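Asker: I have a structure I would like to understand better, so I am pasting it below and will then ask my questions one at a time.
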Amino acid sequence: MKLSDYIAQFLVEQGIAHVFVVSGGAIIHSVDSVARNPSIDYICVQHEQAAGAAADGYSRVSGKLGTAMVTSGPGATNLTTSICNAYFDSIPCLFICGQVTIPRLRPNQNLRQKGFQETDVVSLFKSITKYVYRVMDIYEIKYQLQKAVYLAKEGRPGPVILDIPDDLQRAEIDVGKLKKFVPPPGLSFPNASVGNLEVANPGSPIKTFGDDNVQKIQQLLELIRSSKRPVLIYGVGIRLSHTIDEALAFARHFQIPILLTWGGKDMMTHDDPLNFGGLGVVGPRAGNFAAQNADLIIAAGTRLSQMITGGKTILFAPNAQKVMIDIDPYELTKFTPNDFQLDLTIESDLKTFFNQVGAQHAEPVHGNHAVPVQSDQFEVWRNQIRAWQQQYPICPPYKWQRKDFVDGHVFVKEISEASQEGDIFVADTGANICWILQTIEIKRGQRIFSAWNHTPMGYALSASVGASCACDRRIICLTGDGGLMLNIQELATIRRYNLNVKVFIFNNGGHAIQKQTMDAWLNSHYAAVDEKTGLCFPNFVKTAQAFGLKAYRIKNHEQLADIKKVLQEPGPVVCDVMIDPNQKIEPMLKFGSGLEDLNPKLSAQELTQIMSVSNARNQFTHQLSSNPS
C-alpha cells in the first residue's frame, strides 16, 4: 500500500477522528490519504499555528492524540508556538511535517539549504518536543509512528514530531515487512534512547515506589496529623493523570481546604465545600491569605510556578512545611537557595501516590468511597478562610452599578450564570484571563482551559476549533481584542464547519495588562498598547459579519441580558463586549511583595491582623530584613 495511506489508517487505529491541516506541496499525499479514508476527516484551518493549537485543544478535550499535518519549511516553522504550548503544558500531540524529497536534502549542516522550502525540523524542534525524528527508510514508518505515539503519552506527556520526505510519503510499501516498536520493559519514560534512536527530551525513568517513598508517605501523614492550618494546592497534572476522584477523596478524608491553580480550576464545582478558590499573582486575596498563613502546603499536579508563588518566591508560605509530589524529578529539584525550600519531595505518578497513601493509612483515603476522619481538626481553619472570602470578594456589589462600559468581572459573573453544565470555556491570555480565572464559577461537568504556561495571544480561537471537533458540547471562547487579532482568520474555520463556538471578545481597545505594567515601571508612558500608541482594531461586529457569522455587541450592563441570547444561537456567533479601557487587574501582586500584600494595598493594621493567624510571620520577616541575601 501507499505509505501515506498507512499513516492515515494508523491514525484511525489510534481513535483519532480529525486531523488539522494546512495543505502544501510536501504534505499533499498524506492529506490526500486522510481525505480518502472514510474513518477519519481533515479540518482545514487558515494557519499552521492554528492547526497546532487546534490539535492541542482536541487533545485536552477528547483525551485522544491531537494531530496536525503541515508542509515543509514555513509550514513546519509556523507550528513553533503551538508546539511550545503543548510541551510546557504536557499535552500529547502528534505533528506530521512534510519534507523535501531525500535527494534535495542538504548533504551537511554547512550548506544552509538545498531543497526549496527545506528546513532542518529535527534540530529546530528538539528542545520543545519529547521526540522528533526524520523518517529516511520506508520500512521504519510503523516503528516511528508507534514510538512517537508511545512517547507522547507515557510518563509526562508532550508533543512529538515526525518529519517525512515527500518521496517517502508516496512510496509503495509491503506492510508485512514493516518494523515494529516494542516498548522497553519496565521503562515507561526513557532516559536516553530506545533502540538506536535518540529521544529529544526524555526526562528520566519512573522509579518503582520503593521504601524511600513509603517512608515519605508516613512522614506526610504525620505532618497532616500534627498540622493546624494545612492547604492542598491542586493543579492540572491531576487531570492529566486521571486522578481527580482520588485527589478529591484524599482531601475529603482529611477535610483539608483546596486551592486550585488556573489549570486545575475545573477539577471541582465552585460551590464544593472544600473549594476555596485560587491563589497566586492575581489572587484572590482569601486564597493567598490561606497559603501565607498555612503551616502545611501539599502540592500535587502543579509545578508551583512563580504565577502561583509570587515573583519573590522566598516569601511564599513562610510558615509552612512544603510537600510536593511530581512525576518529573527535575521539577522537584529546580528550586534554588533564593527560592523557598521543599521540606518533603515524593517522585511518583499521582495514581501510584494516591493508591499508596490509601494502602499505608488505616482507612481508605482514595477512590470513590473515602472514609472521612472521625474528628474534624481543621474546621476552625476552613471557617477562617471562608471569612476572608466573604470579606474580600473579587466582584463586590458596587461593580454592577456602572452605566458606561462593562466591568470585566461582572461580565464573567454573568456568563457563568448563563452557562450550562457541560459547557467548555476556552480562555486566551492577558487581562481577560485574569478576570476570567478570578471570577468564573465552574458548574458540574464544565471545563476551562488555556495555554497555561506559554500563554500566546490568539490561542483561544484556534483551540476552540479543536475542542469543538473533539465533542458535541458548546464551546465558549473568551478572548481579548488584541489576542483575536493574532488569529482572527480562524473565524473562517468556525464558519466553514459551522462549529458550535460562541466567541466573546473582551474589547477594551488595547493591551490592558501591558498598560498596567507600564503604569508600574514606566510612569504610565504608553507605547504600542492601544490605538493612540500604534495599534489598530477593526469593527469586530462588521468583521464577523464579513466572515458570514452572526454578531452582537454588548455596550453596558443593561445589555448583559443578551449573553443568554448569544449562547442560545445555533452554530457559531461572535459577541463584542465593550470593557472599560481603563479597568485594571485587581487585586494583583507587585514584584517584591509576598502573596498576602496585593495591590491595591490594604492598611498595615488590617494586613497585620490577617497575618496574625500564623504566629511565626513576624519572626520570619525580621530574619529576612536582617539577612537581605
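Only the coordinates and a few stated rules stand behind these numbers; no lab work does. As the structure is a computational prediction, the values presented were derived from the model and not from experiment. Because the Cβ atoms are built from the backbone with ideal geometry, glycine has one as well, and the counts that use them run over all protein chains shown.
Asker: If you stretched the chain out fully between Val214 and Lys601, how much longer would it get, using 0.36 nm times the residue separation minus the C-alpha to C-alpha distance?
Answerer: Full extension from Val214 to Lys601 adds 134.9 nm.
Asker: Defining a contact as two alpha carbons under 8 Å apart and six or more residues distant in sequence, what relative contact order in percent does the chain show?
Answerer: 12
Asker: Additional query: Using +1 on the beta carbon of Lys and Arg, -1 on that of Asp and Glu, and nothing else charged, what's the dipole of the chain about the Cα centre, debye to 20? Display every interim value, and only then the final one.
Answerer: Numbers: 59 positive and 60 negative charges, 99 e Å.
The dipole magnitude comes to about 480 debye.
Asker: Excluding same-chain residues fewer than 8 positions from Lys413, which lysines have a Cα within less than 21 Å of its Cα?
Answerer: Within reach: Lys265, Lys399, Lys403, Lys443, Lys502, Lys555, Lys564, Lys565, Lys584.
Asker: Measuring from centroid to centroid over Cα atoms, what is the spacing of segment 485-534 and segment 73-89 in Å?
Answerer: After rounding, the separation between the Cα centres reads 21 Å.
Asker: Shifting gears a bit: Return the whole-Å distance between the Cα centroid of segment 598-613 and the Cα centroid of segment 374-444.
Answerer: 22
Asker: Lys601: which aspartates and glutamates have alpha carbons under 13 Å from its alpha carbon, excluding same-chain residues fewer than 8 sequence positions away?
Answerer: Partners found: Glu586.
Asker: OK, next. Counting Lys and Arg as +1 and Asp and Glu as -1, each charge on the Cβ, what is the dipole of segment 211-391 about the Cα centre in debye, to the nearest 20?
Answerer: Working: 15 positive and 19 negative charges, 126 e Å.
For segment 211-391, the charge dipole is close to 600 debye.
Asker: So, by mean Cβ neighbours within 10 angstrom, what's the order for 532-539, 92-99 with the highest one leading?
Answerer: 92-99, 532-539
Asker: Now for a different question. Of the listed peptides 112-120, 466-474, 158-166, what is their order by residue-averaged count of other C-beta atoms within 10 Å, with the highest listed first?
Answerer: So the order, starting with the most tightly packed, is 158-166, 466-474, 112-120.
Asker: Still on this structure: Determine, from the Cβ-Cβ distance of Asn338 and Gln391 and an R0 of 41 Å, the FRET efficiency 1/(1 + (r/R0)^6), rounded to the nearest 0.05.
Answerer: Working: r = 33 Å, r/R0 = 0.81.
Plugging the Cβ-Cβ distance into 1/(1 + (r/R0)^6) gives 0.80.
Asker: Ok, one more. What translational D, rounded to a whole number of µm²/s, comes out for segment 211-391 from Stokes-Einstein when the hydrodynamic radius is the Kirkwood one over Cα pairs, at 25 °C and 0.890 mPa s?
Answerer: Translational diffusion coefficient: 152 µm²/s.
Asker: Which order do peptides 59-65, 573-579 fall in by mean Cβ count within 10 Å, highest first?
Answerer: Output ranking for 59-65, 573-579: 573-579, 59-65.
Asker: Along each principal axis of its Cα atoms, how long is segment 381-529 end to end? Whole angstroms, biggest number first, please.
Answerer: 47, 43, 34
Asker: Along the charge dipole of the chain, which of Cys97, Leu332, Met518 sits closest to the positive end, that is, farthest toward it, with unit charges on the beta carbon of Lys, Arg, Asp and Glu (+1, +1, -1, -1)?
Answerer: Towards the positive end, the residue furthest out is Met518.
Asker: Ranked by Cβ crowding within 10 angstrom, fewest neighbours first, how are His511, His525, His270, His361 ordered? Display every interim value, and only then the final one.
Answerer: On the way: His511 23, His525 9, His270 15, His361 18.
The fewest-first ordering by Cβ neighbours comes to His525, His270, His361, His511.
Asker: Another question about this same structure. Quick one: Karplus J couplings for segment 217-226, per residue in order, coefficients 6.51, -1.76, 1.60, θ = phi - 60°, nearest Hz, x for Gly and Pro?
Answerer: Each residue's phi maps through the Karplus curve to give 5, 4, 4, 4, 4, 5, 4, 5, 4, 8 Hz.
Asker: Which Rg and Dmax, in Å, describe the Cα atoms of the chain?
Answerer: Here Rg and the maximum Cα pair distance are 25.4, 78 Å.
Asker: Where does the chain land at 222 nm, in deg cm²/dmol rounded to the nearest 500, when only DSSP H runs of n ≥ 4 count, each adding -39500 (n - 2.57), divided by all residues? Walk me through the intermediate numbers first.
Answerer: On the way: 26 runs with 229 residues, N = 629.
So the calculated ellipticity at 222 nm is -10000 deg cm²/dmol.
Asker: Among the lysines, which have Cα under 28 Å from the Cα of Lys126 when same-chain residues fewer than 8 positions away are ignored?
Answerer: Those lysines meeting the cut-off are Lys64, Lys114, Lys142, Lys147, Lys153, Lys179, Lys180, Lys207, Lys334.
Asker: What are the ³J(HN,Hα) couplings of segment 505-520, residue after residue, when phi is run through the Karplus curve with 6.51, -1.76, 1.60 and θ = phi - 60°? Round to Hz, x for glycine and proline.
Answerer: 9, 7, 9, 10, x, x, 9, 5, 5, 6, 4, 5, 5, 5, 4, 7
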